[in-house]
Structure formats: C-alpha cells, structure tokens
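These notes are about the structure you will find just below.
The values are calculated or read from the model by the stated rules, or taken from the named source; none is laboratory data. Computed from a predicted structure; not experimentally measured. We work out accessible area using only protein heavy atoms, side chains counted, and drop any ligands, DNA or RNA first. Shrake-Rupley method; radii C 1.70, N 1.55, O 1.52, S 1.80 Å.
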Amino acid sequence: SGSSGARPAAGGASSRPDKGRRLAALLREVDPQFELEPEAEGLLLHMADDFVKRVTRPACVAAAHRKGETLEVRDLQLVLEKQWAIKIPGIGPSRPQVKVPLYVRPPPGSNLMALVNKEPAKKKSKAAARDKQ
C-alpha cells in the first residue's frame, strides 16, 4: 500500500532524461559531430516547456470559446498563427484568409462630404429627369 508502484506525474523530473535523449537524437540528426552540454540541454528543455505552456493556455481558451471540450489542432493553429506568426503547412485543415478593409476609400477626385450627404436615389432620379427637360 506504499508508493513503490506509483508512477511519477507526466512532465515531472523523471521525464527529463527521456526528453534529453530526444534532444540528443535531434542534434545527431542535424549534425552528428555536436554534443549537447548539460546546461544547454537544461536551457532548451526549459524553453520548450515554456513555449508549450504559452501556446497551450490560450489554445485552451480558444477551445472553451468555441464551446469545445477537447483541445484540437485548429485551436493550436489559431494561437500559433495569431500570437506567434507561425504557420505549419500540412497540419490540420487550412483556414481561409479573410481580409476585411478597415474603411472604404472614396473614388479618386470625389468629395467625401458630397458622398456622405448624397441624396437618396429616388430624389436624384427625379432631379435628373428635371435636368433633362
């Protein structure tokens, strides 16, 4: 009834050696001649954990906002694109880019106030008919 059979929580100190092995394997893929100092490994692991937290927390907020109970790829994509300007091609459905103009620019040479104070179309058509006579 002791804790001898209990497993440590995920992300705890015991998972650090596994993450360190992954980093070393990644470094070997990049260049087999390099080795990773323990201090550099610790810094990279800390940075990775921090980044995951900074992406996951707002992604959970986005999932809750859409009334979801599961964190989905689209939630992570939204945060990565909007907050970090990171786009990951080929992961999940692509979101269409919608560009909405902040304002409508008046045609060149037009008087903006004349466009704002423009008479309704019915009155204008009657005035145009009188001008033709």
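Here the extension length gained between residue 57 and residue 34 equals 4.9 nm, from 0.36 nm per residue of separation less the Cα-Cα distance.
Projected over every direction and averaged, the convex hull enclosing the alpha-carbon atoms of segment 18-98 yields 7.1 nm².
Per residue, the accessible area of segment 18-98 comes to 81 Å², computed with a 1.4 Å probe over protein heavy atoms only. Apolar share of the accessible surface for segment 18-98: 59 percent from carbon plus sulfur atoms, 1.4 Å probe.
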